[in-house]
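First comes the structure, then the notes that go with it.
What follows is calculated from the coordinates using simple rules that are stated; it is not laboratory data. These figures come from a predicted structure and were not determined experimentally. Using ideal geometry, Cβ is built from the backbone for each residue, glycine included, and neighbour counts are taken over all protein chains shown.
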Amino acid sequence: RNNPVTYLDPDGRADVNLANIAWKVSDKDYSVTVTFGEGANNPVKDTLKIAFEASIKAAVEGGADITSIYITCTTNGEHKNKIEHPQGWALDIGLINSKNLKNGTGVESQVQALQDKFELQPNKFRNFGPKVNKKNGVAVSDKTTIKEHDSHIHWSVKQEEKQK
């Protein structure tokens, strides 16, 4: 991806991989295991990784019982939007604590907490999922978008050129 001979990211930073998250606050240890679906363990943009980790940490520190996150998609797969996923600006979360995210599966509060904390991220762009459907912080009312994201969370961050 960030091979200066063939391609250089416009922001000049290398893409980064998502990984397990472990941290400590006031002598309390936290950790969330991050696993990936087939083909999903790919580098993403640094701004996405920062927003992903900050959202998880804030949700867990706020009391959300989250021990594992399963990412179904980063740059892999087929998508309507040909930029967000393929270029590493987006990811999809398909399971929390090994449970599907559809309402009624027992992880509704965790989904709500994660989506609420992502809304606080300065570079958030799309936050679609079972509990929140917003683009640039504004509620989306398109029923197709809402239906397409009733079983997973789609997060994307603003591309650098759109942040200016």
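Numbers below:
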| quantity | calculated |
| --- | --- |
| Spin-label pair Tyr30/Lys143, simplified geometry with 7 Å Cα→Cβ offset, distance in nm | 3.9 |
| Net +/- balance of residues flanking Asn103 in space, Cβ distance below 10 Å, scoring K and R +1, D and E -1 | 0 |
| Estimated translational D of the range 68-164 in µm²/s (Stokes, Kirkwood radius over Cα pairs; 4 °C; 1.567 mPa s) | 96 |
| Size descriptor, Kirkwood hydrodynamic radius, that averages inverse alpha-carbon separations across the chain, Å | 16.1 |
| Descending Cα extents along the principal axes, the range 105-162, whole Å | 39, 23, 15 |
| GNM top mover of Asp116, Asp27, Asp150 - the chain, alpha-carbon springs below 10 Å | Asp27 |
| Largest-first ellipsoid semi-axes for the range 16-71, taking √(5λ) over the Cα gyration tensor eigenvalues, angstrom | 21, 12, 9 |
| Dipole magnitude of the range 36-121 about its Cα centre (Cβ charges: Lys, Arg +1; Asp, Glu -1), debye to nearest 20 | 140 |
| In Hz, Karplus ³J(HN,Hα) per residue of the range 62-71 (6.51, -1.76, 1.60; θ = phi - 60°; x = Gly, Pro) | x, x, 5, 7, 10, 10, 8, 10, 10, 8 |
